[in-house]
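First up is the structure itself, then whatever we jot down about it.
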Ligand code: FAD
Ligand code: DHB
């Protein structure tokens, strides 16, 4: 087989890239390790920055999001025993964000791929990247096995959209890669429940640990609590979860939390990770393949979309006008936005969680920072700008 761009991974990054490339007349083929059902069943992020919403709208992917998503003016921060405050991105920056689940985006992307007859080969194993180091005369290709048969796709570019555990990043020689990593000493237990949600996305700092209220629709709530990283889901009965969650919210909010049977429960570790550069020869990394952020701040999915925006623009400029400047700048440009979100996610994680090593001093400093945020419109404006996400860098 032959195509212009082989895309490894059919998560949000891979399928969105194939969609935008198609709109520019660029052919791609997507290789996915899992089944489609498995990819569609993953429950992950829920908050879309306005830039992400713009990209989905500009590429004909917003019909259901505009119908079923929930626009928001800001997010709320609460902490033990005090009034909460709203970090208002709408009044500060004129930008709202959208609550619309990654699961729904993934469904929309697969439906769009089906409509245009996109080739997505699922259940591929043993993906190996070849001749992609950019040597003159090198002709990139990717090999794999599928249902016991060996396969090969020749191409001009490879997009590594295969997430943190994928093969693409690890195919770049170690001597070229520089990795930056911070692992946090706790995880998030997330649940989904068919109960009425709180009106605002609310991040809570509490002596027993962080908690977060979010939602998917008027009868579907998404909640998270900080738990020890080695905790097992089985140790968390629904009763134990609800009682721990409500203990962490200020009393007047806890009273409004509806409880009920949970329909999903999982524990995710928290990590900040960046691998540089994001390009090596004909290989370009997008999304979690190149970077991971802790979920505080809801940046992971949004960063995948911004990488795809920059890479699709660069490939369109190459195939449309024969210009390689944007391809050459891809890594540096994408990384500027990545580091901005990595820093914001690290800051919010540090501000809102209870770290096992915290001394009384650390505790006081954290509480003072929250007081300062609550009382300073300048501090709130700075946080609103970071939560809303930087605008994309435009080029003439
Ligand atoms: P992925 O969604 O990981 O997609 C990568 C795809 O590549 C997968 O389908 C995978 O099966 C496939 N793949 C992997 N290896 C190979 C291979 N060798 N060959 C072929 N295909 C391969 N972000 C938030 O903002 N908020 C959250 O609450 C949140 N929760 C999360 C919970 C979990 C458990 C995880 C893992 C992530 C969470 N994230 C969250 C992050 C967010 O979901 C990711 O940033 C987003 O999915 C990135 O999209 P992606 O397409 O880059 O990667
Ligand atoms: C959600 C996830 C996040 O990581 C976050 O910061 C806010 C909301 C969610 O799943 O809705």
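Values in this text are rule-based calculations from the coordinates and carry no lab data. Values in this document were obtained by computation on a predicted structure and should not be read as measured data. We place every Cβ from the backbone using ideal geometry, glycine too, and count neighbours over all the protein chains shown.
On the beta carbon distance between residue 66 and residue 122, with R0 = 30 Å, the FRET formula returns roughly 0.55.
Placing a label point 7 Å from the Cα of residue 24 along the Cα-to-Cβ direction, none of the residues of the range 121-146 has a backbone N under 15 Å of that point.
Principal axis extents of the C-alpha atoms in the chain (largest first, rounded to whole Å): 65, 43, 42. Semi-axis lengths, largest first, of the ellipsoid equivalent to the range 113-165 are 21, 15, 12 Å, with √(5λ) applied to each eigenvalue of the Cα gyration tensor. Across the chain, the mean sequence separation of Cα contacts (distance under 8 Å, 6 or more residues apart), normalised by length, yields a relative contact order of 20 percent.
DSSP finds beta bridges in the chain, and of those with both partners inside it, around 75 percent are antiparallel. Note on residue 347 and residue 149: with the Förster distance fixed at 45 Å, the Cβ-Cβ geometry gives a FRET efficiency of about 0.40. Here the Kirkwood formula puts the hydrodynamic radius of the range 138-218 at 18.2 Å, using every distinct Cα pair. With a simple spin-label model that places each label point 7 Å from the Cα along the Cα-to-Cβ direction, the separation between residue 271 and residue 240 comes to 2.5 nm.
Footprinting exposure proxy ranking of 368, 357, fewest other C-beta atoms within 10 angstrom first, gives 357, 368. By other beta-carbon atoms within 10 Å, ranking 52, 119, 103, 349 with the fewest at the front produces 119, 103, 349, 52.
Using the Cβ-Cβ distance between residue 256 and residue 181 with R0 = 45 Å, the FRET efficiency computed as 1/(1 + (r/R0)^6) comes to roughly 0.70.
The distance from the alpha carbon centre of the range 113-170 to that of the range 193-238 is 37 Å, rounded to a whole number. Simple spin-label estimate for residue 174 and residue 4 gives 3.7 nm between the two label positions (7 Å along the Cα-to-Cβ direction from each Cα).
The slack in the chain from residue 325 to residue 360, taken as 0.36 nm per residue of separation less the alpha-carbon distance, amounts to 7.4 nm. In terms of other Cβ atoms within 10 Å, 395, 229 run from fewest to most in the order 395, 229. Seen against the Cα atoms of the chain and their longest principal axis, helix 325-352 is set at about 20 degrees.
For the chain, the longest principal axis of the alpha carbon atoms and the long axis of helix 102-115 meet at an angle near 30°. Taking 20 °C and 1.002 mPa s as conditions, the range 220-344 diffuses translationally at an estimated 122 µm²/s according to Stokes-Einstein applied to its Kirkwood radius (Cα pairs).
Our note on the geometry: Cα centres of the range 271-349 and the range 28-68, 17 Å apart.
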